[in-house]
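The values are calculated or read from the model by the stated rules, or taken from the named source; none is laboratory data. All values reported here derive from a predicted model rather than from experimental measurement. Positions of Cβ are generated from backbone atoms using ideal geometry, with glycine treated the same way; all protein chains shown enter the neighbour counts.
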Amino acid sequence: MKYPEALNKLIESFQMYPGIGPKTAERLAFFTFFKLKDEDIVRFSQNLLNLKTDIKYCSICGVLTDSEKCQICSDPHRSNTILVVESSRDVNVFDKTNQYNGRYHILNGLISPLKGISPNEVNLKSLFKRISYEVPEEVIIATAATVEGEMTAMYIKKQLENSRVRITRIGYGLPAGGDIEYADEITLIKSLEGRRDM
């Protein structure tokens, strides 16, 4: 039996999300039709539209915001350090720890020659420009411990070699409660590199 065209289109729409296959998309579409109230569907569709019209990148750091300048960049009490991360989600992760009180810079991607992503396609030019006029005490690079993350970190370090700014890389290692027996080689190497005095 063929579903009505509107239902098929909704199923196709749900399949655009990562990790949503045909069965899950079908379940979501049926749930939407049978369980959601009309006003919930209208609100949901309006939220999707607002996502594209109301959200932009902060003109300074590149984080997702609904104003020209984000709350973090507007906060005069933040310390004069810049934590460089890949995405806006990373900002939330670090901010929740309440251990870092500086500013951020979001790359919105990582350098990856294999995927055809060059340094020009990542939010790096604004980082270097920002560093030249803000002159932070420290730039902390917090990209993932992957080939792309390491490549991006090394590129940033190379570009800032002649600046007076201190450049550091976050330590990586074993997670709290993690078992050494199950750790991969890169995690163990990073845990040794990231060691500090006790």
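Before moving on, here are some points about what is shown:
- Within segment 81-106, the set of residues being in a helix (DSSP H, G or I), under 19 Å from E148 (Cβ atoms) and of a type in the set (D, E, K, R) comprises R89, D90.
- Of residues in segment 1-52 being part of a helix (DSSP H, G or I) and β-branched (V, I, T), the one nearest to D66 (Cα to Cα): V42
- Residue in segment 74-97 that is of a type in the set (F, W, Y), touching a strand residue (DSSP E or B) at 6+ places or on another chain (Cβ under 9 Å) and modelled with pLDDT of 95 or more present: no
- Residue, nearest to S88 (Cα to Cα), within segment 135-153, restricted to residues that are over 19 Å from the mean Cα position of the chain (by Cα) and surrounded by fewer than 16 Cβ atoms within 10 Å (Cβ to Cβ): E138
- Complete set of residues in segment 128-165 that are within 22 Å of P76 (Cβ to Cβ) and either touching a helix residue (DSSP H, G or I) at 6+ places or on another chain (Cβ under 9 Å) or without any contact (Cβ under 8 Å) to a residue 60 or more places away in the chain (or both): K129, I131, S132, Y133, E134, V135, P136, E137, E138, V139, I140, V165
- Of the residues making up segment 113-133, not a single one is surrounded by 17 or more Cβ atoms within 10 Å (Cβ to Cβ), under 21 Å from G173 (Cα atoms) and either out of contact with any strand residue (DSSP E or B) (no Cβ under 7 Å at 6 or more places or on another chain) or not hydroxyl-bearing (S, T, Y) (or both).
- Within segment 72-86, one or more residues are surrounded by 11 or more Cβ atoms within 10 Å (Cβ to Cβ) and touching a residue at least 60 places away in the same chain (Cβ under 8 Å).
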